Amino acid sequence: MSEFRAHGNDDLERYLLNMTRRRFFRSAASTLGAGLGAAALGSLVGPASAMGMPPIGGPTINPDPSVGRPRVVPPHFAPKAKQVIYLHMEGAPSQLDLYDYKPKLHEEFDADLPDSVVMGQRFTTMTSGQARFPVAPSKFKFTRQRNNQDGVYLSELIPHTGSVANDLCFIHSMHTKAINHEPGITFFQTGHEQPGRPSMGAWMSYGLGSENANLPSFVVLITQGLGNMQALSARFWGSGFLPSEHQGCRLRAGDDAVLYLGDPDGVSRTDRRKMLDLVARLNEEEFKETLDPEIQARIAQYEMAYRMQMSVPDLTDFSDESEETMAMYGPDARKPGSFAANCLLARRLVERGVRFVQLYMRGWDQHNNLPTELAAQCGAVDRAQAALVTDLKRRGMLDSTLVLWAGEFGRTVYSQGTLTKDNYGRDHHPRCFTVWLAGGGVAPGITYVKTDDYSYNIVENPVDVHDLHATMLHLMGLNHEHLLYRHQGRDYRLTDVSGKVVRDILA
């Protein structure tokens, strides 16, 4: 398997990668020894290896990303999916109240959680001081939904999601190292708990490029939820040390989907074109002097913004959608920025060849008053996320679009704060939680492994965040061990130093 590798802050490697033929021979003439030395090295180990490039046969990058055509990079192998829609429920939904059915817990209402289940696990500071940890079964009813196995029990809070259960793959054995939101979200987005790494969408953009030259390859949509909302940092969709052209482009609700995209009053499109041409020439001159790759990325972003002036208004105009489609997503689909409108927008984005679309739905942090707040959150997402799966399927796009629904961790079986029959809260729980996937080469209508009777520990086949990332990259035709980027003398990857493809869930 060929490695896909690029280089970051190593000055010598950047210099060699960006050297043109003219600059090379000029350098060879002025510094004969160095120029001939590079040529000799190339003759001994091959030009690709001498320049630090991928071996022949591996993926390559279009050397001029600013040209007005899609930049498609060959994958490592034939992909099952071409695009990803990632629905991130920021704050961590309760698997116990939505997906992980534990009917026996009703017999243990308000009983102390056994030490044999906890096994010395650390608690967050929000509950570590509690005098006791009473078992809190879900107050919601679960209904058996049809799938391709023996059925799956889902909460009454998500009936529309239950109607498409035959297309969903539930993973109950997800787990993570993080126990608090900031490192938890960062880990799920970037494969590392500390900030600074590229996001998953940036890695996909870098690894595969775009199929639409008029839209970014990575787009972010945000919906404001209800109740307790965690901070949402732009670095969650950042490019880290990858070239900045791969960072996520946030589309906002309202008339200005992208800030500062429109021309000021009195500036014509011809004027804008002339200005960009002049700025590009000035940037090219600067690049000749500094060889800073971010200058080229800036040129590409200016060009993308110019093309987006025409493509974004068409994208965000839903007037060409049928009444049947609008009704399927529900009345909120007509409200810009709602989860329903963003789900419909996500379908329109992948329909136009955008590689990675990420929707953040905020407000899933129910430390108390969980029944009321969780019901409101589910009311905002249930119909729309089911409609998205149905819409993709009826348009023949689900097979090539991988949909992920996930939070950053799960929720505890014990109650945080006062427990009653009608009210309770739940703390953060990293040891097991549920995510689901659909389409894009994932086996439909299955549930993968199980948790213990308390939804506290994984019984078999744990899946960590790196495993999930490795599986998603695999479905997109990328080997996670070979999608590399050299930064400060080290090769980095999304899955860091671990991760395996979860082949049991592949179609």
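The numbers here are math on the coordinates, done by the rules we state, and not lab data. Being a predicted model, the structure only gives us computed values, none of them experimental. Cβ: placed from backbone, ideal geometry, glycine included. Neighbour counts: every protein chain shown.
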Requested in this report: Sort Thr176, Thr290 so that the residue with the fewest other Cβ atoms within 10 Å of its own Cβ comes first and the one with the most comes last.
Outcome: Thr290, Thr176
Query raised in the report: By what distance, in whole Å, do the Cα atoms of segment 348-507 stretch along each of the three principal axes, largest value first?
Result: 51, 41, 32
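Using Cβ contacts closer than 10 Å as the measure, can you line up Leu359, Leu494 from fewest to most? Please report the intermediate quantities before stating the final value.
On the way: Leu359 24, Leu494 28.
Ascending number of Cβ neighbours within 10 Å: Leu359, Leu494.
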Report summary line: Given a Förster distance of 41 Å, the FRET efficiency implied by the Cβ-Cβ spacing of Ala78 and Asp110, rounded to the nearest 0.05, works out to 0.15
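Please report the relative contact order for segment 97-140, taking Cα pairs under 8 Å with a sequence separation of at least 6, and give it as a percent rounded to a whole number. Could the numbers behind the result be given before it?
On the way: 28 pairs, mean separation 27.1, N = 44.
Worked out over segment 97-140, it gives 62 percent.
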Query raised in the report: Mind checking which aspartates and glutamates have their C-alpha under 20 Å from Lys102, skipping anything on the same chain fewer than 8 residues away?
Result: Asp110, Asp112, Asp115, Asp150, Glu156, Asp422, Asp427, Asp452, Asp453, Glu460
Report task. Find the relative contact order for segment 83-505 and round it to a whole percent, using C-alpha pairs within less than 8 Å whose residues are 6+ positions apart. Result -> 30 percent
Requested in this report: Take every DSSP beta bridge whose two residues both sit in segment 83-505, then give the antiparallel share in percent to the nearest 5.
Outcome: 45 percent
Query - Calculated P(r) of segment 134-219 - Cα pairs past 14 Å, % - result: 76 percent
Query raised in the report: Once you wrap a convex hull around the alpha carbon atoms of segment 83-505, what is its projected area averaged over all directions, in nm²?
Result: 21.7 nm²
